[in-house]
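To start, the structure under review is shown below, and the notes come after it.
All of the numbers you see were taken from the coordinates with simple rules; none came from a lab. Source: prediction; values computed, not measured. For neighbour counting, all protein chains shown are included, and Cβ atoms are generated from backbone atoms with ideal geometry for every residue, glycine included.
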Amino acid sequence: MARKIFVNLPVRDLQRSQAFFKALGFSVNPQFTNEQGACMVISGDIFAMLLVEPFFQTFTNKPLADAARSTEVLVALSCDSREEVDTFVKKALAAGGTSPMKPQDHGFMYGHGFTDPDGHMWEVVWMDPAHVQR
C-alpha cells in the first residue's frame, strides 16, 4: 500500500483558503471536511488539511507560527515541465497568492514558489529526469 501524506495547515479563513486551493485545481474531499477543516486533494496520495486555527491548536501544545512572519516549513510539489511550474505559480498569483522569490533555474532543476493567503510557502519544482538517479 502506498504511503499517503497529509500536510496539516492552520488557516484563519477556511472558506477563503478552500477557494484559493480550488483555483489551483485541487478538489475537496467532503468526507473529511466540516466547519473546522477541509481536506484538499492534491493527488491520490497527497492531501492538504486546512484546519481553522483554534482546531489546529488542539493538536499541539506549542504556539502556532504566524506563517506571514516566519517560515516553519516549505511544501514542495513536483511538476512535469518548466512550463507547468510557471503555469501553476501564475494560477496561485491570480487566486490571491504572492510570490516571495524569483524563479530559480539550476539547469537540471527549475523552481518557483508562492505563498497562500495564510502565508504558507509552497515550492513548485521540475527536475530533468535525465539527471535524477534512482
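Note on the chain: with a GNM built from Cα contacts shorter than 10 Å, the maximum mean-square fluctuation among P30, P100, P117 falls on P30.
Among all lysine pairs in the chain that are eight or more places apart or on different chains, how many have alpha carbons less than 16 angstrom apart?
On the way: K22/K90; K22/K91; K90/K102; K91/K102.
Count of close lysine pairs: 4.
With respect to the chain, whose longest principal axis is taken over its alpha-carbon atoms, helix 14-23 is tilted by about 20°.
For the options A65, A76, A19, a Gaussian network treatment of the chain with springs between C-alpha atoms closer than 10 Å singles out A65 as fluctuating the most. Distance from a point 7 Å along Cα→Cβ of D86 to each backbone N in the stretch 113-134: keep the residues under 20 Å and list them by number. Inside the label zone: 113-115, 123-129. Between the helical axis of 82-94 and the longest alpha-carbon principal axis of the chain there is an angle of about 30 degrees. Percent of C-alpha pairs per 5 Å bin in the stretch 58-122, short distances first: 4, 16, 24, 22, 15, 9, 6, 3, 1.
For the chain, the C-alpha radius of gyration divided by 2.2 N^0.38 Å, with N the number of residues, is 1.09.
Within the chain, the longest segment free of exposed loop sites, counting GluC sites (Glu not before Pro) that fall outside DSSP classes H, G, I, E and B and have at most 16 other Cβ atoms within 10 Å, spans 73-134. Taking every DSSP helix (H) stretch of at least 4 residues in the chain, weighting each as -39,500 (n - 2.57) and dividing the sum by the residue count yields a mean residue ellipticity at 222 nm of -6000 deg cm²/dmol. Considering only L64, L50, L77, the mean-square fluctuation computed in a Gaussian network model of the chain, springs between alpha carbons under 10 angstrom, is largest for L64.
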